[in-house]
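Working notes, beginning with the structure itself.
Please treat every number below as a calculation from the coordinates, not as lab data. Bear in mind the structure is a predicted one, so any value in this text is a computation, not a measurement. We place every Cβ from the backbone using ideal geometry, glycine too, and count neighbours over all the protein chains shown.
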Amino acid sequence: MTDADFLVMRGIRKSFDVTEALRGVDFSAQRGEVHAIVGENGAGKSTLMKILSGAIPRNAGEILVEGIAADVSTPLTAHRLGIRAVYQEFSLVPHLTVAENIVLGQMPSSRVPGCVDWAKAYRRAE
Ligand SMILES: Nc1ncnc2c1ncn2[C@@H]1O[C@H](COP(=O)(O)OP(=O)(O)OP(=O)(O)O)[C@@H](O)[C@H]1O
Ligand SMILES: [Mg+2]
């Protein structure tokens, strides 16, 4: 693993109370590669991906994108780096429409401040 790798996660640690979920995980990927993270139940796969996509904070370790420290402190900042998470289950807001679920957190704003451009939202969803 070098800083020239497209994505670098180095020494990632995460504990939930007394549970040490990640104990210094290293992961790197090149642009265009496809990886599968494999491990038994509770191995920490989801935790690692949640940290990468800004859903939860890490306790230690660094994350670089194209050699630069990546701000994955929130889902929005991770999203700006092109990091997206698609969850298998329980990831939709049931009382929102399909389009609203798709643009959740990135609603296109209209010219009127504070208002949503719904036409644009529906086009994006399509
Ligand atoms: N929010 C949380 N609070 C407390 N403990 C958690 C939390 N999230 C995960 N853990 C614990 O951290 C460890 C790693 O869990 P994680 O969900 O990342 O595993 P996983 O590899 O994705 O498992 P699975 O194959 O079941 O999806 C487990 O011991 C789990 O119980
Ligand atoms: Mg999981």
### Query
Out of all the residues in segment 58-74, is one or more more than 18 Å from D5 (Cα to Cα), within 13 Å of ligand 1 (Cβ to nearest atom) and not hydrophobic (A, V, I, L, M, F, W, C)?
yes
## Note on the structure
Subset of segment 40-52, residues touching a strand residue (DSSP E or B) at 6+ places or on another chain (Cβ under 7 Å) and within 9 Å of ligand 2 (Cβ to nearest atom), comes to G44, T47
### Task
Scan segment 58-103 for residues that are surrounded by 15 or more Cβ atoms within 10 Å (Cβ to Cβ) and under 22 Å from S15 (Cβ atoms) and report the count.
8
### Message
If E66 satisfies all but one of (1) free of Cβ contacts under 8 Å to residues at least 60 places away in the same chain; (2) more than 16 Å from ligand 2 (Cβ to nearest atom), what's the number of the condition it fails?
### Response
(1)
### Query
Which of the residues that make up segment 1-39 are part of a loop (DSSP other than H, G, I, E, B), within 16 Å of ligand 2 (Cβ to nearest atom) and within 18 Å of E66 (Cα to Cα)?
H35
### Query
Across segment 38-57, what is the number of residues that are polar (S, T, N, Q) and more than 10 Å from ligand 1 (Cβ to nearest atom)?
1
### Message
Consider segment 8-31. How many of its residues are within 18 Å of the chain's Cα centre (by Cα) and either among the β-branched types (V, I, T) or within 18 Å of V86 (Cβ to Cβ) (or both)?
### Response
4
#### Entry: Selection count, segment 5-35, where residues are away from ligand 1 (no atom under 16 Å from the Cβ) and surrounded by 11 or more Cβ atoms within 10 Å (Cβ to Cβ)
9
